[in-house]
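Just below is one structure, and these are the notes that go with it.
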Amino acid sequence: MNLLLVIFALRNKYRDYDPFFVELRGNSVNWWNFIANSAVVSSYLDADTFAKKLNQHIETTDSLLVAKIEPHQFQGWLPREAWDWLNSVSESIKPTLPSPLSFLLPPSK
């Protein structure tokens, strides 16, 4: 699972961008919009694949950036609900690593 930051500028005021948002939400396990024109999503897709799915719903005058965020590797000024969501999602997708002590213990019988 990946934690992705999606930033976009959809500039054509006459275009229907609903398919863009349907694609964004449809490829996300979880998503939250903290700041205008951006979203943080958890997805099974990597940043490249996620961006390619969104690209089909934008124009050449629009802008899009999709970047992977490492769990618990973020900082800023957001409401408490945003931090709770980010930390909860980070906790659910962080890689599980063996304890360093497990290498020092003899194998169990």
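Things worth noting here:
- Residue separation of Thr61 and Tyr14 scaled by 0.36 nm, minus their Cα-Cα distance, works out to 15.6 nm of gained length.
- In the stretch 34-91, the GluC sites (Glu not before Pro) that fall in loop regions by DSSP, at most 12 other Cβ within 10 Å: Glu59
- One decimal place: the segment Ser38-Val22 gains 4.3 nm when fully extended, by the rule 0.36 nm per residue minus the C-alpha distance.
- With the simple spin-label model, which puts each label point 7 Å out from Cα in the Cβ direction, the Leu78 to Glu91 separation comes to 1.5 nm.
- Chymotrypsin sites (Phe, Trp or Tyr not before Pro) within the stretch 1-104: DSSP coil, no more than 13 neighbouring Cβ in 10 Å: Tyr14, Tyr44, Trp77
- Computed over the chain: relative contact order in percent, which uses C-alpha pairs under 8 Å that are six or more apart: 33 percent
- Which labelled figure in (1) 18, 16, 14; (2) 29, 14, 11; (3) 35, 16, 11 is semi-axes √(5λ) of the Cα gyration tensor in Å, once derived from the coordinates: (3)
- Dividing the summed helix terms, -39500 (n - 2.57) for each DSSP H run of n ≥ 4, by the number of residues in the chain produces a 222 nm estimate of -9000 deg cm²/dmol to the nearest 500.
Read-outs throughout are calculated quantities, based only on the coordinates presented, and are distinct from any laboratory measurement. Remember, it's a predicted structure, so these values are computed and weren't measured experimentally. Here the Cβ is made from the backbone with ideal geometry for all residues, glycine too, and neighbour counts use every protein chain on show.
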